[in-house]
Structure formats: C-alpha cells, structure tokens
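Everything on this sheet refers to the single structure shown next.
Each value in this text was obtained by applying a stated rule to the coordinates, not by laboratory testing. Remember, it's a predicted structure, so these values are computed and weren't measured experimentally. All Cβ positions, even for glycine, are placed from backbone atoms using ideal geometry, and neighbour counts span all protein chains on display.
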Amino acid sequence: MDATPLQGTHILLVEDDPDGRKSVAEALELAGWTVSAVPDGRTAVARLREDSFQVVLTDLVLPDMNGLEVLEVSRQIQPHVPVVIMTAYGSLETAIRALKAGAYDYLVKPLDLDELHSRIERAIETYALRREVGALKEVLEDRFSLKQMVVESPAMKEVIRQVKSVAPTNATVLILGESGTGKELVARALHGQSRRAKGPFLAVNCGAFTETLLESALFGHEKGSFTGAAQRRLGAFERASGGTLFLDEVAIAPKSVQMRLLRAIEEKEIMRVGGETAIKVDPRIVAASNRDLEALVEEGSFLPDLLFRLQVVQIRVPPLRERKEDIRPLVDRFVAIACEEHGRAIDRIEPDFYAALEAHSWPGNVRELRNVVESAVILATDRVLRGRDAVILREGIQRKSEGTSLSIPPGMTMAAIEKEVLFQALSRNKGNRLLTAQELGLSTRTILRKIKEYNLPF
C-alpha cells in the first residue's frame with residue numbers, strides 16, 4: 001500500500017465478529033486513519049450522534065440492526081459521510097439493494113486489504129468533495145437569501161413580509177419594479193424560502209432573444225426544427241421542473257410566446273418547437289416586469305389572460321428613491337464587496353459621501369448605486385471615502401441638469417459618445433431595452449450587449 005495516507009480521518013467500523021473487527025481496524029489504523037470499532041448497530045448510531053466521521057464501514061448482517069438500517073440513520077445524522085457495506089453474502093442482488101439505498105460502495109468478504117484501502121481512500125475523497133459542494137451550496141443559498149436584502153425602510157420590510165408569506169406556497173408571483181431594483185433577488189429569495197429550494201432555479205430574460213430562440217429557450221426544440229437546431233434541446237420549463245422558473249422582462253415576450261406561456265401555465269404541459277408530443281412540466285412560475293402590464297393589456301400588446309395567470313400574487317419592489325433609509329446599509333455592503341473583489345481597503349466612510357449618495361434620485365436604482373460605490377472604492381486615493389470620491393454620481397447629476405441634449409467635449413472618444421447616447425436613451429425609456437432599441441434603430445440583443453460592455457446601471 002504505497003498511497004500516501006489521508007490524515008485526520010475518522011472511520012466508524014461496525015462489525016459484530018470480534019476477530020474481523022480487530023483485523024479490519026488494525027488494517028485501517030496501519031494506513032494512518034483513526035478507527036472507532038463497535039459491535040452492533042445501536043452502538044454505531046450512538047457514536048454517530050456523539051462524534052464526526054469521514055467514512056462509515058459497516059457489516060450488512062448485525063445482531064440488532066442490519067447494515068442498510070445503519071446506512072439510513074447515518075444519512076440522516078451525517079448526510080455527507082459515505083457508507084461502505086461489507087458482507088459475506090455477496091450477490092448482485094444484495095449489491096444493488098445497498099447501492100439503491102444510498103451506499104457509497106460495497107465490499108465482499110473475505111476482504112482484500114489492498115482493495116479495502118483503495119476503496120476507503122476514494123470514500124474519504126468523496127466525503128471531502130461532498131463537504132466542499134455543500135459549503136458552496138450554502139454560500140450560494142446565503143447569497144440569494146433574505147439575509148442579502150437590505151430592509152431598513154418600511155417599503156422593503158413589506159416586501160420581505162410578502163416574500164415570507166408567499167414563498168411556502170406554489171402560487172405564481174409577478175414582481176414589478178423599475179430596472180435595477182433587485183427583482184431577480186426577490187425571485188431567488190422566493191425560491192430559497194420555498195419547498196422547492198432544493199430544485200433548480202432557472203432565469204430566462206424574455207428580452208434577450210429573438211422570437212424563435214426565446215421559444216426554444218423556454219420550451220425546447222427537436223432536432224432539425226429550425227436552421228441551426230442540430231440536436232434536441234430541453235427548454236427551461238422542463239429543466240426547471242420541481243424548482244422555479246423566473247421569467248424576467250416578461251412584458252417583452254412576443255404575442256406568440258405569450259400564448260404558449262399561457263397554455264404551459266394553465267395545462268402544466270409544453271410542446272417542444274417542432275415536436276408533436278405534449279410533455280408534463282412542473283416549475284413554479286415567477287415573472288418580473290419593469291413596465292405597467294395592465295397598460296400593455298389595454299393597448300393590446302399583452303394577453304389579459306396571461307396577466308391574470310401571472311399575478312396570482314403581486315410584489316412591487318420600490319425604487320431606491322422611495323427607500324432612502326436603505327442607501328447607507330447598501331453602501332456599507334457594496335464597499336465591503338468591492339474591497340474584497342478588488343483587493344482594496346477602506347477604513348472609513350465620511351458623512352459627506354453618504355450625503356452625496358442620498359441626494360441623488362438613482363434612475364438606475366440599486367444597480368447604479370453599486371456601480372458608483374465600486375468605482376469610488378477602486379479610484380480612492382487613500383483608505384477613506386469622501387464626498388468628492390463619488391465622481392460618477394456628480395457626472396450623472398450634471399447630465400440630468402443639462403437636459404437630454406448631447407454635448408460633446410473636446411477629446412471625447414467615439415466609445416464614450418456611444419456610451420453616453422445609450423445611457424441617455426435608456427434613462428428616457430426608464431431602462432426599457434425594447435423601446436431603447438427601437439429609438440436607436442438597433443436590435444435588443446445589441447442593446448443588451450452594449451449595456452454589459454459599458455457596465456451601464458440598467
């Protein structure tokens with residue numbers, strides 16, 4: 001056994017035969033691992049409640065419980081710990097039964113010690129990987145949990161109250177609010193607090209695709225159903241089954257897609273583009289819009305029946321100008337995030353920095369605030385943020401005070417001019433990509449690409 005032993009590993013060995021228990025324990029200890037050897041299932045369960053282990057190695061036949069029962073209890077108490085089943089009654093049926101019950105591996109007696117060592121080593125590596133994946137999942141869940149939502153203002157406290165009330169249900173939710181207010185964060189919080197939290201969360205931006213590609217993104221397509229469909233693809237409705245499907249900018253969806261959405265929500269089934277068979281699906285639908293959907297219904301561009309289906313529950317996320325109490329705690333959070341991401345250090349934030357931010361109307365809402373704070377942290381000349389560090393903010397105020405006419409200073413590059421034109425057009429259209437694209441004679445995809453390219457707060 002030449003492999004380097006993995007140190008700090010604690011193995012629970014459950015074996016009723018005294019000689020077998022002693023020989024296996026010695027073999028594992030010689031490999032450099034700590035072993036707690038017990039003779040029966042009840043003692044094993046007690047040890048699982050008292051101590052932490054990286055692997056459980058248990059005989060299948062025990063005097064009080066069988067190995068599968070030990071496996072079941074182990075998965076409840078220490079779910080990351082792999083369980084390896086040993087038995088002298090080796091058969092394919094027994095192996096399949098153990099693996100189906102959740103066993104990590106299966107060993108047949110008499111044990112080959114080299115094989116035992118390699119199997120346990122792999123189980124230890126699996127334990128480490130499971131813990132790492134679990135930790136990453138916790139980080140992601142925390143990132144998109146209610147704890148990440150700043151709720152100093154009465155308006156946001158009401159949003160949190162609604163999320164907590166609605167999340168445990170399967171009700172379809174419509175989230176309304178201006179661009180940059182955090183509608184997706186609310187959608188993720190709804191998912192994270194729901195009974196579907198262990199299922200997938202998929203977000204589809206209905207304004208980011210052409211009509212055909214949006215249909216494919218939502219409902220999937222069969223091979224050869226349109227040019228470029230080289231293979232079958234599952235859509236978001238299928239992939240989000242058992243979880244949550246977030247339809248962002250649903251107001252921009254074409255009428256044909258709206259009709260398919262309505263049928264999918266009502267019938268809980270979809271048909272792939274180019275397909276002939278209806279497929280049952282079960283995602284929870286959360287939709288969002290920065291436009292007045294009732295006004296769109298009145299003008300005939302949005303289906304009234306779809307609106308009724310989407311707004312079983314409606315949550316309005318207030319713009320930042322209506323929740324000024326949240327600006328300071330948001331600034332503190334964004335400063336900490338920017339320092340960590342860019343390797344900067346800020347020791348103090350002067351009152352005039354907060355005051356400058358609180359005086360702004362924030363047309364780009366929380367997204368714009370984060371961009372401003374991040375820029376201030378990056379450009380700060382020392383470890384203190386002062387009012388004068390909010391350079392982008394002052395330029396934004398100047399832009400507003402000068403009206404919508406474009407003034408080009410000497411030396412301004414074409415890229416800077418394009419950025420300014422796009423910023424003003426988006427501001428006039430309250431962040432609506434489709435209206436901005438129509439005004440500027442560009443495609444919606446180009447607008448989305450430019451917003452990302454110039455890091456605009458929309």
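Calculated [222 nm] ellipticity per residue, helices only, for the chain: -15000 deg cm²/dmol; basis is -39500 (n - 2.57) per DSSP H run with n ≥ 4, divided by all residues, nearest 500. Given +1 at the Cβ of Lys and Arg, -1 at the Cβ of Asp and Glu and no other charges, the dipole of the chain around its Cα centre is 1680 debye to the nearest 20. Using every pair of separate Cα atoms, the Kirkwood estimate puts the hydrodynamic radius of the chain at 26.5 angstrom. Of Lys198/Lys430; Lys430/Lys450; Lys100/Lys198, which ones are farther than 28 Å apart at the Cα? From the list (Lys198/Lys430; Lys430/Lys450; Lys100/Lys198), the Cα-Cα distance tops 28 Å for Lys198/Lys430. Other residues with beta-carbon under 15 Å from the beta-carbon of Leu293 carry, at +1 per Lys or Arg and -1 per Asp or Glu, a net charge of -2.
For the chain, leaving out every one of the trypsin sites (Lys or Arg not before Pro) that falls in a DSSP loop and has at most 16 other Cβ atoms within 10 Å, the longest unbroken run is 1-194. For the range 146-318, how big is the tail of P(r) above 24 Å, as a whole percent of Cα pairs? Of the Cα pairs, 35 percent sit more than 24 Å apart.
What do the square roots of 5 times the Cα gyration tensor eigenvalues come to for the range 10-140, in whole Å, largest first, as semi-axes of the equivalent ellipsoid? Each step should come with its number before you reach the end.
On the way: eigenvalues 95, 53, 47 Å².
The answer is 22, 16, 15 Å, longest axis first.
Under the classification rounded if a/c is under 1.5, otherwise prolate if a/b is larger than b/c and oblate if not, where does the range 239-300 fall, given a ≥ b ≥ c as square roots of the Cα gyration tensor eigenvalues? It is oblate, given that a/c is not under 1.5 and a/b is not larger than b/c.
In percent, rounded to a whole number, the relative contact order of the chain is 12, using alpha-carbon pairs under 8 Å and six or more apart. The percentage of C-alpha pairs in the range 320-401 whose separation is greater than 15 Å is 50%.
At R0 = 22 Å, how high is the FRET efficiency between Arg239 and His342 if r is their beta carbon distance? Nearest 0.05 is fine.
0.05
Placing unit charges on each Cβ (+1 for Lys and Arg, -1 for Asp and Glu) gives the chain a dipole about its Cα centre, and among Ala189, Ile11, Gln438 the Cα reaching farthest toward its positive end belongs to Gln438.
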